[in-house]
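> Encoded as structure tokens, here's the structure I'll be asking about.
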Amino acid sequence: GYARRGGLEDALAEIEALAAHPRIRAIGETGLDFFRTEGEGLAHQRYSFRRHIDIAKRLGLTLQIHDRDAHDDVVQVLRDEGAPERVVFHCFSGDEALARTCNAEGWYMSFAGTVTFKNAADLRAALAIAEPSRVLVETDAPFLTPHPHRGRPNASYMVPYTVRAMANVTGSELSELCSQIAANTVRAYGSWD
């Protein structure tokens, strides 16, 4: 069992100790990644994810979700364990169904440059129905560079391309969307003031 896996338990204890620092705002990325993962690796992911949820709740931190090819399982674990007050789906990759779940649960959806990709119709459909108060943006640098620079290394200066595409999808005024994202970010992670 996991009790014999001292290395994992030591790592989790270290994460909790480090997360107690007042500048720490989130636990993560954590979650489930079913891409090229199987066997015992899946069991370790599930166990660690549950422990990270517990740490986030006990320390009052945001939970930053990594979800790759595992939407239903991530949601099930969050529901089984009881999600922390603030949950962010990093690099949101879901469809309308996951966006509806996030809306209903009050979880944040953070969109990256992928929302600008031509083959990302499902992602744009999810953004179109996402509650504006739950939408965030990110770079996921150095990957997932937005169109028209896809294929080049990503960096924070590329965020405006993603936000402009998001405004087009949602029918929002760019300045209003920027203000909404800024307010959402403070609610999700706190202020540095």
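The values are calculated or read from the model by the stated rules, or taken from the named source; none is laboratory data. Bear in mind the structure is a predicted one, so any value in this text is a computation, not a measurement. For neighbour counting, all protein chains shown are included, and Cβ atoms are generated from backbone atoms with ideal geometry for every residue, glycine included.
> Is it true that some residue in the range 33-48 is within 14 Å of V87 (Cβ to Cβ) and surrounded by 15 or more Cβ atoms within 10 Å (Cβ to Cβ)?
No, every residue in the range 33-48 fails to be within 14 Å of V87 (Cβ to Cβ) and surrounded by 15 or more Cβ atoms within 10 Å (Cβ to Cβ).
> Moving on. Where the second residue is of a type in the set (S, T, N, Q) and assigned to a loop (DSSP other than H, G, I, E, B) and the first is over 28 Å from T101 (Cβ atoms) and free of Cβ contacts under 8 Å to residues at least 24 places away in the same chain and lies in the range 134-163, which pairs have Cβ atoms under 7 Å and are six or more apart or on separate chains?
Matching pairs, first to second residue: P142/N154; G151/T145; R152/T145; P153/T145; A155/T139; S156/T139.
> Let me ask something else. Could you tell me how many of the residues in the range 3-22 are within 22 Å of E85 (Cβ to Cβ) and over 19 Å from the mean Cα position of the chain (by Cα)?
Counting residues in the range 3-22 that are within 22 Å of E85 (Cβ to Cβ) and over 19 Å from the mean Cα position of the chain (by Cα) gives 7.
> Here is a list of conditions, (1) modelled with pLDDT of 95 or more; (2) closer than 19 Å to N184 by Cα, and V75 meets all of them except one; can you say which number that is?
Failing condition for V75: (2).
> Take the conditions surrounded by 19 or more Cβ atoms within 10 Å (Cβ to Cβ) and in a helix (DSSP H, G or I) and apply them to A56. Does it pass?
Yes; evaluated as a whole, the condition is true for this residue.
A quick yes/no check of all residues on (1) in a loop (DSSP other than H, G, I, E, B); (2) farther than 21 Å from Q45 by Cβ; (3) among the small types (G, A, S); (4) touching a Pro at 6+ places or on another chain (Cβ under 8 Å):
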residue	(1), (2), (3), (4)
Q64	no, no, no, no
D67	no, no, no, no
G94	yes, no, yes, no
H147	yes, yes, no, no
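> Across the range 167-193, which residue is surrounded by the most Cβ atoms within 10 Å (Cβ to Cβ) among those that are more than 23 Å from E105 (Cα to Cα) and of a type in the set (A, V, I, L, M)?
A167
> Could you tell me whether the range 26-40 includes any residue that is in a helix (DSSP H, G or I), of a type in the set (A, V, I, L, M) and without any contact (Cβ under 8 Å) to a residue 60 or more places away in the chain?
No: zero hits.
> Filtering the range 99-143 down to residues that are surrounded by fewer than 18 Cβ atoms within 10 Å (Cβ to Cβ), touching a helix residue (DSSP H, G or I) at 6+ places or on another chain (Cβ under 9 Å) and closer than 22 Å to Y157 by Cβ, which residue is modelled with the highest pLDDT?
Looking at the filtered set, the residue picked out is F117.
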